[in-house]
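These notes concern the structure reproduced below.
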Amino acid sequence: MAATPAPRSVFLAGRLWLDFVNTDDARLGTRVDTIPSFERYVAWLEEAAVLDAERGAALRRRAEQQPSGAAAALVEARRMRAALRALAERGRGEQAERARTAALEEINRVLGRSVGTRRVEPRGDDGYIRSFVPVGDAFGGLVIPVIESAVDSLVRGELGFVRTCADRRCPRVFLDATKSHTRKWCEMATCGNRAKAARVRRGRKQS
């Protein structure tokens, strides 16, 4: 039997933490978790340039030796993802205090027990990335770069420009960085084109 292909990771949200929220993705209205395993979680962190290949390989070896630790790290990541989704979807506007408070509690809970070294490292395209190397627990702190991305958005006041895709079947979120702040779709090639096609079909029916 052929192996099931790994779910496709997408990076279109404009901020790491929003891309992480979007790992709880959608395919034509059906929710799909694109990090269903610790292996896929590590792969996503590599694709996001949070981990390099060497550290990713070391984590996979450690996961084989300590499966309970890897499983706990995945549970932690999903718990944080749920808090960040609530922040992205409900963290703006007058009625957003509860979502913001709950997200901050989760953020500070993880930051408060993270022990490690923060580093700035070069990327292959002449850019730089921030990384967090935990001390002791190999799995501890894997989600820290995601959390710090969310903190950056909070500090910069970007929460008011976080949007949910206008396609009701799509749960993806993104930062609307357009000058007019009128971006509606997570991706024109998918949701945007579906909406355009639907408008064309309605127009034909009415003519």
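The table below gives the values:
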item	result
D (Stokes-Einstein, µm²/s), Kirkwood Cα radius, region 53-172, 1.306 mPa s at 10 °C	98
Convex hull volume per residue for region 1-110, taking Cα atoms only, in Å³	135
Span-rule helices in the chain, defined as complete DSSP H runs reaching 24 Å or more along the axis (Cα) with Kyte mean at least 0.0	67-90
Å³ per residue enclosed by the Cα convex hull of the chain	173
Net length gained if the chain between residue 71 and residue 97 were fully extended (0.36 nm per residue, minus Cα distance)	6.2 nm
Gyration tensor verdict on region 83-124 (Cα atoms; rounded if a/c is under 1.5, prolate if a/b is larger than b/c, oblate otherwise)	oblate
Accessible surface of the chain [probe 1.4 Å, protein heavy atoms]: carbon and sulfur percent	52
The chain: relative contact order as a whole-number percent, Cα under 8 Å and 6+ apart	24
Net lengthening on full extension, residue 187/residue 11 (0.36 nm per residue, minus Cα-Cα)	62.3 nm
Charged-residue dipole, Cβ positions (Lys, Arg, Asp, Glu), the chain about Cα centre, Debye nearest 20	1340
Loop sites in region 87-158: trypsin sites (Lys or Arg not before Pro), DSSP, at most 10 other Cβ within 10 Å	113, 123
Compactness index (Cα Rg / 2.2 N^0.38 Å), region 40-90	1.29
Computed helical MRE - 222 nm, the chain, DSSP H runs ≥ 4 contributing -39500 (n - 2.57), nearest 500	-15000 deg cm²/dmol
Solvent-accessible area per residue for the chain (1.4 angstrom probe, square angstrom)	58
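The values are calculated or read from the model by the stated rules, or taken from the named source; none is laboratory data. None of these values were measured; they are calculated from a predicted model. Virtual Cβ from ideal backbone geometry, glycine too; neighbours counted across all protein chains shown. When the accessible area is computed, the model is the full protein with side chains, heavy atoms only, and any ligands, DNA or RNA have been set aside. Shrake-Rupley method; radii C 1.70, N 1.55, O 1.52, S 1.80 Å.
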